[in-house]
Amino acid sequence: MDEAQAVLDSIEGTVGEIAVDNPKMSMRDVDVFYAEKQAIFGVDLDVANNEVIAMIGPSGCGKSTFLRCLNRMNDTIPICRVSGSVMLDGDDIYAADQDPVLLRARVGMVFQKPNPFPKSIFDNVAYGARIHGLAANRAELDDIVVGSLKRAGLYEEVKSRLDAPGTSLSGGQQQRLCIARSIAVSPEVILMDEPCSALDPIATARIEELIDELRENYAIAIVTHSMQQAARVSQRTAYFHLGKLVEVGDTNEIFTNPQHELTENYITGRFG
Amino acid sequence: MQSNTLLLVILALAVVSYFFARHKAFGVLKSNGSVSARHSLPAHYGYLLALWCAIPALAILLGWKLFEPGVINGMLVDSLPQQVVDGGDSRIGLYTNDINNLVEAGGIESIADADKQAAAQKLVSLRSASRLVLTVLVLAALLVSLLVGLRHMQPQTQARVIVEKFIKVILVSCASIAILTTMGIVLSVLFESIRFFQQVGFWEFVTGSKWSPQTAIRADQVGSSGSFGAIPLFTGTMLISVIALIVAVPLGLMSAIYLAEYASARTRSIVKPLLEILAGIPTVVYGFFAALTVAPAIRSMGESIGLSVSSESALAAGAVMGIMIIPFVSSLSDDVITSVPQSIRDASFGLGATQAETIRKVVLPAALPGIVSSVLLAASRAIGETMIVVMAAGLAANLTANPLEAVTTVTVQIVTLLTGDQEFESAKTLAAFALGLMLFVATLLLNVIALYTVRRYREQYD
């Protein structure tokens, strides 16, 4: 414990450029506490439009916790407390007048384990459109569902059985269904929390291609355990350690020429 | 030896053989050196020898105890004087009963009747002979099976497999006992009902609209023709159950949703047990609460707005019954709602759904099968409930859908048919079994329909 504390104390500020020119989201001095225990220490980070930013780090480094701050998913955990500022297009999403429900429609989320609703494939994708009243009639709803499934690269596989339960799909298909479901509400940012950790390599490759395509329209923040995946899909990479953001920068730079010793240790596989 | 002593001997020997075999197996396995080569644990050998030792002896003891009274009685009857045997079965029955009582009371020498004294002595000698034979048999069985069992105690014996099989046999027989008992009850109700339907037509019973089970006991009695139309009873049961469910399902389900989704852990830990206390109150307490508090209140309320309310009403009984079954709905539904995985809640929140939308569109559909079974359980309680109805809804078999009138239910009629001095052969008494059978069939149908519906509409999560 003391050793960890010593490492924690040794991390002072973040190496690399945290800010970008056109930030979609920008976080400043974010602290997160679970009851008395502090999980995130003063993190500053920007997420740019049309960019995939990967968050990597050893287990328990707080990267998932940080990701869940970005659409206030941590609100559902009663003991969790967030301080600092998280701006989306210049508005603080934790301001008193901000509605987390509307926020989450703008900042979508894909979870670690595929979690389709126990409903039909169609209803899964239509769910968000229905609750937000995005479609005026059945034809518009069909368009949204088909369009989202196509963009998630799932349509061809499921077009003949949209009435089948979403849970009947394979793991990779379920995860693409979840991605289709979140892009059906036209979010501006998509957060992905280890979206491939429960999938086989082929399904993973499929999702990674999809992430790269989605970058055209969305800002994407992805938490991953796999450094190869971070290297493949992201333009920028942020390395978290013990709740602090140690280093952030261009993905190629981070993987070829890490500045911080901890980053280097992690990337070269000395721990993690 | 007395059979209790025998039982103790068997058990003691089983325990001893367990420890003996275990100890021996331990020694053998150790001397063999290779623990990995052994097939079973020493304890398995212990159990195996104990079973070998106990089971044949126990079987003999049990079988003997089952058949002993019949056999001894038969031998006693054979030795009875001719004039008793000529008197027929009932005479013989009375006579042997008498002798049994005399033997139990003791003092055979002082019996006046010589025949009876002889019979009593015969009975005593038969019994002591039986006891002696049993003792010898059991001890012999113990000895033989122990020897055979010891011969089986070889390292290559698959003791583990045999013991595991024996455990399975025990489990299967426990399950069979429950099933056989149920079948026995159903069959006995069925046969009594068939006797009833020989006296009263089936269609008259099922479709008749008048229930008045008083039949004439003597030929000269008037005014008690007896009519067995069960429809008023079933409508009464349905009326009261429906009222109860109308009260219990919304209240129970809403409290379950509150407890599972909105209440803090602290509130939940206090409120849930409090709600469950409702299920622990004896129904007779609900009954007098319904009869003395709720029924008069409904009556005065109804009369204040110009309705005629009978002092015993279906509404009073149904409403109180509804309160009683709230915990069946709330507690079970709470459990199923809580067990809906957090991941699909997160998915819904992540798409910008509100908590209410998430509950309505994701959580409740996923929890539907459990909720339906909780409602079914509550409905079964409502249909089977008797005490509240006796006290608050009356005994009058009115065919009505008006909840303000007195009605009666199937279970209440079964109680009134079977209590008091009754002649067992009369249609009136047998009607209780027919009612029971119909109730059983109705509840079964309800369950089947509900299960089918649930399977059709469920949203299954994994």
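When we screen A:83, A:64 for residues that are touching a residue at least 12 places away in the same chain (Cβ under 8 Å) and surrounded by fewer than 14 Cβ atoms within 10 Å (Cβ to Cβ), the only hit is A:83.
Among the residues of segment A:33-63, those that are more than 17 Å from the chain's Cα centre (by Cα) and under 26 Å from residue A:229 (Cβ atoms) comprise A:39, A:41. Looking at segment B:208-231, can you tell me whether even one residue there is open to solvent by less than 80 Å² (accessible area, probe 1.4 Å), assigned by TED's automatic domain parsing to the domain that holds residue B:329, assigned to a helix (DSSP H, G or I) and of a type outside the set (D, E, K, R)? The answer is yes, given that some residue of segment B:208-231 is open to solvent by less than 80 Å² (accessible area, probe 1.4 Å), assigned by TED's automatic domain parsing to the domain that holds residue B:329, assigned to a helix (DSSP H, G or I) and of a type outside the set (D, E, K, R). The residue that is farthest from residue A:231 (Cα to Cα), among those in segment A:250-272 that are surrounded by 13 or more Cβ atoms within 10 Å (Cβ to Cβ) and among the β-branched types (Val, Ile, Thr), is A:263. Restricted to segment A:168-203, and to residues that are among the β-branched types (Val, Ile, Thr) and buried (at least 20 other Cβ atoms within 10 Å of the Cβ), which residue is farthest from the chain's Cα centre (by Cα)? Out of the qualifying residues, it is A:185. For residue A:66, indicate whether it is within 14 Å of the chain's Cα centre (by Cα), closer than 17 Å to residue A:244 by Cβ and not in a loop (DSSP other than H, G, I, E, B). So residue A:66 passes the test. Among the residues of segment B:154-165, none is identified as farther than 21 Å from residue B:26 by Cβ and open to solvent by less than 80 Å² (accessible area, probe 1.4 Å). Would you confirm, using the coordinates I've provided, whether residue A:163 is in contact (Cβ under 8 Å) with a residue 24 or more places away in the chain, assigned to a loop (DSSP other than H, G, I, E, B) and open to solvent by 20 Å² or more (accessible area, probe 1.4 Å)? Yes, satisfied.
For segment A:96-129, enumerate the residues that are open to solvent by less than 20 Å² (accessible area, probe 1.4 Å) and aliphatic (A, V, I, L, M). If the condition is that a residue be open to solvent by less than 20 Å² (accessible area, probe 1.4 Å) and aliphatic (A, V, I, L, M), then A:103, A:105, A:107, A:109, A:110, A:121, A:125, A:126, A:129 are the ones that fit.
Exactly one residue out of A:42, A:13, A:57 is crowded, with 20+ Cβ neighbours inside 10 Å and not hydroxyl-bearing (Ser, Thr, Tyr): that is A:57. For beta carbons closer than 7 Å, sequence separation of 6+ or different chains, a first residue in segment A:130-141 that is open to solvent by less than 60 Å² (accessible area, probe 1.4 Å) and a second that is assigned to a helix (DSSP H, G or I), the qualifying pairs are A:131/B:357; A:132/A:105; A:135/A:129; A:135/A:141; A:135/A:144; A:141/A:126; A:141/A:129.
It is to be established whether one or more residues within segment A:71-82 are at negative phi, assigned to a helix (DSSP H, G or I) and more than 9 Å from chain B (Cβ to nearest Cβ). Yes: segment A:71-82 contains one or more residues that are at negative phi, assigned to a helix (DSSP H, G or I) and more than 9 Å from chain B (Cβ to nearest Cβ).
Would you point out the residue of segment B:257-271, among those that are more than 12 Å from residue B:337 (Cβ to Cβ) and in a helix (DSSP H, G or I), that is most open to solvent (accessible area, probe 1.4 Å)? Selected residue: B:266. Among the residues of segment A:115-171, those that are among the acidic types (Asp, Glu) and within 14 Å of chain B (Cβ to nearest Cβ) comprise A:123, A:163.
Flag set for residue A:125, criterion: assigned to a helix (DSSP H, G or I), modelled with pLDDT of 90 or more, β-branched (Val, Ile, Thr) and within 23 Å of the chain's Cα centre (by Cα). Restricting attention to segment B:309-361, the residues that are within 13 Å of chain A (Cβ to nearest Cβ), hydroxyl-bearing (Ser, Thr, Tyr) and open to solvent by less than 10 Å² (accessible area, probe 1.4 Å) total 2.
The values are calculated or read from the model by the stated rules, or taken from the named source; none is laboratory data. Quick caveat: nothing in here was measured; it's all calculated off a predicted structure. Ideal geometry is used to build each Cβ from the backbone, glycine not excepted, and the neighbour counts take in all protein chains shown. Only protein heavy atoms, including side chains, enter the accessible area calculation; ligands, DNA and RNA are left aside. Shrake-Rupley method; radii C 1.70, N 1.55, O 1.52, S 1.80 Å.
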